[in-house]
Amino acid sequence: MQTTNGLKWPAGWIGIAALLFLIAACDRRPAAPPVSFKTVDITGVDWGKDFHLTDHRGRPVALADFRGKAVMLFMGYTHCPDMCPTTLAKMAAAVRKLGKDGDRVQGLFMTLDPKRDTADVLAQYVPAFHPSFFGLYADEQQTADLAGKFKLFFKAQKADSSGNYTVDHNAAVYVFDPQGRLRLYMRGDTPVADMVHDLKQLIAE
């Protein structure tokens, strides 16, 4: 029994009071600042949750195969004259600038033109940007369905007399965190420095 200001308190109550004081003090500590990304934060969207495709080695792949890595998924086509090679080059530059942390980032390129982008074509094209990157493909219907699930517009234009054609599409890199959650939308004009910044944030979480 202890006395404070003439009041008698059981010894056990003193410990309880001290504990409550510490809890209250902790609650008053400033909260950690929210994560701030340079690119578009789409955390919590109810779309783009998974994909099931075939890689340029002929192996089936899904998002779960890359658990533990941040995943950058870009959709385009190998005959693209500018946007696609530029975006892939920036993705590769970001991975290299991360140094050792680049091992925790997986670059993926899904073709929107499976008629021309066969496994052999993708095997030559995609790893040329970075040896760890994979080219992915599906049949035409699956390609359209998956693009729709990621809210990505694309449309093949009419072929010319030589059979050549372009494919109009959004330039978007979808970035998943190491837990497999879709977190970021990187536009085609995103600077490499911003890509690096945001990838570091995801890896560090």
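Regarding the stretch 124-138, can at least one residue be identified that is within 16 Å of residue 77 (Cα to Cα), modelled with pLDDT of 95 or more and hydroxyl-bearing (Ser, Thr, Tyr)?
Taking the stretch 124-138 first, the residues within 16 Å of residue 77 (Cα to Cα) are 124-129, 133-138.
If we keep only those that are modelled with pLDDT of 95 or more as well, we get 124-129, 133-138.
With the extra rule that they be hydroxyl-bearing (Ser, Thr, Tyr), the set shrinks to 125, 137.
Scanning the stretch 124-138, I find at least one residue that is within 16 Å of residue 77 (Cα to Cα), modelled with pLDDT of 95 or more and hydroxyl-bearing (Ser, Thr, Tyr), so the answer is yes.
Per the conditions (1) closer than 25 Å to residue 153 by Cα; (2) in contact (Cβ under 8 Å) with a residue 24 or more places away in the chain, the sole criterion not satisfied by residue 60 is (2).
Tallying residues that are surrounded by 21 or more Cβ atoms within 10 Å (Cβ to Cβ), in contact (Cβ under 8 Å) with a residue 60 or more places away in the chain and part of a helix (DSSP H, G or I) within the stretch 96-128 yields 2. Scanning the stretch 64-83 for residues that are buried (at least 20 other Cβ atoms within 10 Å of the Cβ) and either touching a His at 6+ places or on another chain (Cβ under 9 Å) or closer than 18 Å to residue 200 by Cβ (or both) turns up 70, 71, 72, 75, 76, 77. Among the residues of the stretch 56-85, the ones that are part of a strand (DSSP E or B) and farther than 18 Å from residue 149 by Cβ come to 1 in all.
The values are calculated or read from the model by the stated rules, or taken from the named source; none is laboratory data. It should be emphasised that the depicted structure is a prediction, and the values quoted were computed from it without experimental measurement. Cβ: placed from backbone, ideal geometry, glycine included. Neighbour counts: every protein chain shown.
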